[in-house]
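Report on one structure; see the data block that follows.
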Amino acid sequence: PETSVGGAMVTLLSWASALHVPSALLGLQGVDASGKLVSAALQKHGVSDAWVVASPDFTTAESHVFAEDGNLGKASTVMSTGSTSLINVQRMRKHFVPALRTAGVCVAEIGSVPCAAVAKLLEEAKSKQRLSLLAVDMLPTTVIGDSRLGTLEELQACIMNANVLMQPRDVAEQLLYMTADDAMAYEDTLSLPTTELASLLRSSTGVDLVAIIDGHVGTKGCVLATLGASVHIPPVGACAESARDTAAAAAVGADSFSGAGAQPGVPIVPLVHDAGVAHAFYGGLLSALYHAGGVPTEVSAITQAGNMANATTSACLRCDSWAYSFSCAGL
């Protein structure tokens, strides 16, 4: 067995740090072996742990991944949120809201921290006029259903207090259905072009920017929608190659994502693995917004931000360092 460090926020912040964004993790962490691994990884990737609260009373979040012959494409994961799930509104206010005094940007995720606590952090960031980004990787029906992270109202409070909303396409479809003022059948959201989906979601939530990762591992690129425009940015690098390989395989009836059976003369460049791709995208987008000084409104600037996010997505697909791309532990 191999042990590595990652997790949603660790992965996101590691990519942001690599792109010259001063980063710090907020979280509860045990002083167990896994906690020590997380601390070492944060130091290695330039992410501050100044706001990590470590205590023998806490347990570090872990995931156990069982892969068939080492193939992460055929893996089962057992997740334990550890003390991350204990971050309630009171702990958020006591331990982490003070970090906003010096932070320029606040990033949060819907994944393991209760929605009420996430909403409190984003609410405080908004009151202090800090740019805030919210990543939603989990389907809303799962958030308020099986995962029991909060009510629909608490999830909506998270969204309404964020400046930037980031998610894969399937999550965006559910979010639009849940937030649209006009009655809209869920089936209608499924057929919308992604540019229109992003534009409608931006209007229904009132955020400044909606970013949608389009296609499996970003094979269709991304769409960024602001008040000024909704722009599709094509995939680059490994994501573009993956899309090409998939299309080539489909053309000859193959069902392998790796492109086995592709047409002769079409080179296949195998991916290392696709874990952590979404959070690499978010880290790239965070970097673009940080260096731009805020949310872009001109098409050229929107496209530049999308290209940065697509580039980190592509880099993650080629990255052989699990510390960047494998979700194992952390907030």
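Starting with the highest mean, order 167-174, 180-187 by the number of other Cβ atoms within 10 Å, averaged over the residues of each peptide. Before the final figure, lay out the partial values.
Working: 167-174: 21.8, 180-187: 10.0.
The densest-packed peptide leads the list: 167-174, 180-187.
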Distance in nm between label sites at R148 and E298, each 7 Å beyond Cα in the beta-carbon direction? 5.2
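Quick check: residue separation of H216 and K36 times 0.36 nm, minus the Cα distance between them. What number comes out in nm? Display every interim value, and only then the final one.
Working: separation 180, 0.36 × 180 = 64.80 nm, distance 3.33 nm.
The span from H216 to K36 would gain 61.5 nm if fully extended.
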Provide the per-residue ³J(HN,Hα) series for region 138-154, in order, calculated from phi with Karplus coefficients 6.51, -1.76, 1.60 and θ = phi - 60°, each as a whole number of Hz, with x at glycine and proline positions. 8, 4, x, 5, 6, 4, 8, x, 4, 7, 6, 7, x, 8, 4, 5, 5
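Once you list every other residue whose beta carbon is under 14 Å from the beta carbon of N163, what net charge do they have if Lys and Arg are +1 and Asp and Glu are -1? Walk me through the intermediate numbers first.
Details: positive: K126, K128, R130, R202; negative: E123, E124, D208.
With Lys, Arg at +1 and Asp, Glu at -1, the neighbours total +1.
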Multiply the residue gap between F66 and H20 by 0.36 nm, knock off their C-alpha separation, and tell me the result in nm, one decimal place. 13.2 nm
At 0.36 nm per residue, minus the direct Cα-Cα distance, what do N88 and K128 gain on full extension? Give it in nm, one decimal, please. 12.3 nm
Given a Förster distance of 45 Å, report the FRET efficiency between A183 and H95 from their Cβ-Cβ distance, rounded to the nearest 0.05. 0.60
Give the long-range amide H neighbours of S48: residues separated by 5 or more places, or on another chain, with amide H under 5 Å away, using H modelled in the peptide plane at 1.01 Å from N. S23, A24, L25
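Counting only heavy atoms of protein chains, what accessible area per residue, in Å², does region 103-185 have with a probe of 1.4 Å? All intermediate terms of the calculation are to be shown ahead of the outcome.
Details: 3270 Å² over 83 residues.
Per-residue accessible area for region 103-185 comes out at 39 Å².
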Distance from region 22-58 to region 135-211 (C-alpha centre basis), Å: 31
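Mind ranking S199, S112 by accessible surface for me, highest first, 1.4 Å probe?
On the way: S199 50, S112 25 Å².
Order by accessible area, largest first: S199, S112.
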Note down the relative contact order for region 112-155 as a percent, whole number, built from C-alpha pairs under 8 angstrom at least six residues apart. 55
Taking all protein chains as present, what is the carbon and sulfur share of the accessible area of region 76-165, in % to the nearest whole number, probe 1.4 Å? 50
³J(HN,Hα) across region 302-310 via Karplus (A = 6.51, B = -1.76, C = 1.60, θ = phi - 60°), whole Hz, x for Gly/Pro? 4, 5, 4, 5, x, 5, 5, 5, 5
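If packing is taken as the average number of other Cβ atoms within 10 Å across a peptide's residues, how do 137-148, 15-26 rank, most packed first?
Put in order of decreasing packing, that is 15-26, 137-148.
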Residue order for Y290, Y177 - accessible surface, 1.4 angstrom probe, largest first: Y177, Y290
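Let a ≥ b ≥ c be the square roots of the eigenvalues of the Cα gyration tensor of region 21-139; is it rounded (a/c under 1.5), or, if not, prolate (a/b larger than b/c) or oblate? Display every interim value, and only then the final one.
Numbers: a/c = 1.75, a/b = 1.54, b/c = 1.13.
Prolate, since a/c reaches 1.5 and a/b exceeds b/c.
The values are calculated or read from the model by the stated rules, or taken from the named source; none is laboratory data. On a predicted model such as this, the values are computed, not experimentally measured, just so you know. Quick reminder, even Gly has a Cβ in these numbers, built from the backbone with ideal geometry, and neighbours come from all protein chains shown. For accessibility, only protein heavy atoms count, side chains too; no ligands or nucleic acids. Shrake-Rupley method; radii C 1.70, N 1.55, O 1.52, S 1.80 Å.
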